[in-house]
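The values are calculated or read from the model by the stated rules, or taken from the named source; none is laboratory data. Since the structure is predicted, the reported quantities are computational estimates derived from the model, not experimental observations. Neighbour counts run over all protein chains shown; Cβ positions are idealised from the backbone, glycine included. Just so you know, the surface numbers come from the protein's heavy atoms only, side chains and all, with ligands and any DNA or RNA stripped out. Shrake-Rupley method; radii C 1.70, N 1.55, O 1.52, S 1.80 Å.
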Amino acid sequence: SGYKAQDVYDFIEEQDNPRIRCTKGDGGWGKPILKFSPRRKDGSIKRRKVDIHIIGTDEAKDTVVQRLKKIPGGGFTYHFPNTQEQDRHWCNDEFFKQLTAEKLVYEKTKAGLVMKKWHQQRDRNEVFDMVVGCYAATKLLPKNWESLKEQILPSSEEQKQNMPDTKKRRSRRIHHRQ
């Protein structure tokens, strides 16, 4: 919406942290889910000191909703805690109401064209907006998941070296008793 945009830009600039990004939603079908808009360095009046990542909200929302409809256990689905678990304070009924606060509808224009449009069904939709933003942020991640996995998880050889060897411990104990 651009609400308090300058305050957001100032906050991002103060942080000086590449992991904190500035995003702005841009409605309209056919737009990329995430587009980079570099800071303006020219002498124009609307000079901006931070980079912005523009989120194509209509496309991103559509993808999130399609993934919410998928059967759990498959690829590209969302997984939530079991409703029987006691420690699910963040994933309560209000969470799911906000997650499903918007609905895709088809409306006819005066010219007779059918247009897809998102309609907010509830007053609060922050969870849906955050999930859409998080989905868009995944576009910033490396595309080579195997390489990322290798960087994060230790190799099988490293795992073997770091695992305690129970046989050696037993033999030491026996050795000390003798």
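With r as the distance between the Cβ atoms of K69 and Y106 and R0 = 25 Å, compute the FRET efficiency 1/(1 + (r/R0)^6) and round to 0.05. Walk me through the numbers on the way to the answer.
Values: r = 17 Å, r/R0 = 0.69.
The calculated FRET efficiency here is 0.90.
A 19 angstrom limit on the alpha carbon distance is what I want to check against. Which of K4/K116; K24/K139; K70/K143 exceed it? Let's see the in-between values first.
Working: K4/K116 29 Å; K24/K139 15 Å; K70/K143 23 Å.
Flagged as over cut-off: K4/K116; K70/K143.
Determine, from the Cβ-Cβ distance of T138 and V114 and an R0 of 35 Å, the FRET efficiency 1/(1 + (r/R0)^6), rounded to the nearest 0.05. All intermediate terms of the calculation are to be shown ahead of the outcome.
Working: r = 31 Å, r/R0 = 0.88.
Efficiency for this residue pair is about 0.70.
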How much length is gained if the chain between F76 and I20 is pulled fully straight, taking 0.36 nm per residue apart and subtracting their Cα-Cα distance, in nm to one decimal? 17.7 nm
With label points built 7 Å along Cα→Cβ from the Cα atoms of K31 and R122, find their separation and express it in nm. 2.5
At a probe size of 1.4 Å, how large is the accessible area of R124, to the nearest 10 Å²? 130
